[in-house]
Each structure stands twice: as structure tokens, then as C-alpha cells.
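**Q** Please see the structure below; I have some questions.
Read-outs throughout are calculated quantities, based only on the coordinates presented, and are distinct from any laboratory measurement. In this text the structure is predicted, and so the values were computed from the model without any measurement. No Cβ is skipped: glycine too gets one built from the backbone with ideal geometry, and neighbour counts run over all protein chains shown.
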Amino acid sequence: MKNIKKRIYDGETLIGCWLNLGSALTSEIVGLAGFDWVLIDTEHGTGFEGNVLPQLQALEHTPAASIIRVESYERQRFHRVLDFGAEGIMCPRIYTLDEARQAVKAIRYQPEGSRGVAKMIRAARFGADFDEYYANHKKNLVCIVQIETVEILSSLDSVAATDGIDVLFVGPTDLSIALGVYGKPDHPKFVEALKATADAAAKEGKAAGILLKNPDEFQRYYDFGFRFIACGSDGGFVQSAACKTAESLKQLKESCAGGK
């Protein structure tokens, strides 16, 4: 474990990014780049549960903590990736306080939770460290719930006050669409929701998180109170660099060879 949960509660600003290609190689490259955490996306990315394990293995020797975004709050989506050795879970599209609480239960073992027990798991060194893993799982595993529905906005204080929820993470595109203000980041409805999320988290000593479109947005959301901040993805990095390099070569071709 890389102490990402402790760093959240120490009030650090933690930077991360998405891994959406399902590739162990790009995961390793990104993990070595200097991010505090990375998110392996099994909700929208091209990766799926079956290639989470190779990505976790590739990230093991990097400084980046590994968070998995599952498809829903149902406990079955949590068990396997936690057993693989994920350091936290991000749960998307939370509509109600009860759903947020179910996410916490899916991370925790009985009697407080609903996570099934298997001792011979990678997260516990294939059984060698299970007692330690079990004793410390609440202290070490991060639970992130996504704030991206209109319905959850009326329960922000209660969500933030829920024991076991560590980060309230705004999905800006989903939330702006849900509010009917897509493409309008300065719209009062969107700004109000952002501030309410950050304020609710801060009151409980939790972190508010968000995914940026580009690094230029960092100051704006930092000033709102966001401290768990992501930007970019392995797929985006490849696409951006490929397009930039191809365009540069095209321009050089035109200038040096008359386009031939």
C-alpha cells in the first residue's frame, strides 16, 4: 500500500489521471510519470475486469497508487479487483445516500460490510499477510463516490459524513449534462454544485475530487477547494502526442521538400 488514504486525510493535494486503454504497458509508463494516483477505468475505458490484474502488477513498482473505477455500487463489482490488490475504488453515478453507503459496505468485510472473504488473494500476498490486510483494510482502502447526478446533490452533507467515504469526486461532464448546462462551466447551477461538493467534503475532513479537461483549469478548481485532482488519460496522451508529432512532420515535409 502506498498510503494514499493517509495522504488524503493529511490534506495533501493529490494529482492523478485515467487509464482507459486496458494496457499494462501504458499503465506502467503513466505510473512512472509522477502522478500520486491513477485510475483504472472499467466503466468507460476499453479495459475490463480481466486486464485489471496485469495493470496492477505493472503499477506495483511505480509511485502511483492504483484506484479502480467499477461499473456500479453492487458488491460483486468490488470483490475481485480488491482481491487483486487495488488500493481504492471509485463508484460512478451515485443517486442516493443509500447507494453511497452500499459502496462502503462493498469495500468492508463483515460485520460492517458485505465483502466476501478469501484469504489466498494477491492483495494479502496470497494468504501470507491476510491477518494484517484484514486488520488494516478500513485504514488503507479508499472509497470514492462520484457526484454526477442531480439527485445526489441534496444529500452531499450526509454522503460526506458517512464513515468510510473518503472522496466526493465530481464527474464534470455527467453532472453538467444532468443539470442541463453542458459546455457552460461558469453557469451558476454548475458552480453552485461544485462549491457545495467541496464545502461538504471539507466540513467532514474529506477530499473533493474532479477530472480536469486540461491543466489550465487547475487553479480554478483548487480555489473551489478540490484537492484530489485528475487530468488526462493514457489514451489521451498517446492521441495528443501522435497528432502533434504527425503535424510537425507534415509541416517539415512541406517546408523541406515542397510537399513531395
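**Q** Which of the residues belonging to region 218-258 are in a helix (DSSP H, G or I) and within 18 Å of L194 (Cα to Cα)?
**A** If the condition is that a residue be in a helix (DSSP H, G or I) and within 18 Å of L194 (Cα to Cα), then F218, Q219, R220, Y221, Y222, D223, F224 are the ones that fit.
**Q** Report yes if some residue within region 85-99 is over 21 Å from S233 (Cβ atoms), surrounded by fewer than 17 Cβ atoms within 10 Å (Cβ to Cβ) and charged (D, E, K, R); otherwise report no.
**A** yes
**Q** Moving on. Might you let me know whether region 168-181 holds any residue that is out of contact with any Ser or Thr (no Cβ under 8 Å at 6 or more places or on another chain) and of a type in the set (D, E, K, R)?
**A** For region 168-181, residues out of contact with any Ser or Thr (no Cβ under 8 Å at 6 or more places or on another chain) and of a type in the set (D, E, K, R): absent.
**Q** Step by step: first the residues of region 145-184, then only those that are closer than 16 Å to L211 by Cβ and among the acidic types (D, E), then the one that is surrounded by the fewest Cβ atoms within 10 Å (Cβ to Cβ). Which residue is that?
**A** By that ranking, first place goes to D174.
**Q** From the list A106, A124, exactly one residue is hydrophobic (A, V, I, L, M, F, W, C) and in contact with a His (Cβ under 9 Å, 6 or more places away or on another chain). Which is it?
**A** Selected residue: A106, the only one of A106, A124 that is hydrophobic (A, V, I, L, M, F, W, C) and in contact with a His (Cβ under 9 Å, 6 or more places away or on another chain).
**Q** Got a number for residues in region 109-127 being surrounded by 13 or more Cβ atoms within 10 Å (Cβ to Cβ), aliphatic (A, V, I, L, M) and outside any helix (DSSP H, G or I)?
**A** 2
**Q** Could I ask something else about it? Specify which of the listed residues (K138, K206) is more than 17 Å from the chain's Cα centre (by Cα), buried (at least 17 other Cβ atoms within 10 Å of the Cβ), in contact (Cβ under 8 Å) with a residue 24 or more places away in the chain and closer than 30 Å to L59 by Cα.
**A** The unique qualifying residue is K138.
**Q** Another question, then. Can you tell me which residues in region 149-190 are touching a residue at least 60 places away in the same chain (Cβ under 8 Å), under 18 Å from Y222 (Cα atoms) and of a type in the set (A, V, I, L, M)?
**A** Within region 149-190, V167 is the sole residue that qualifies.
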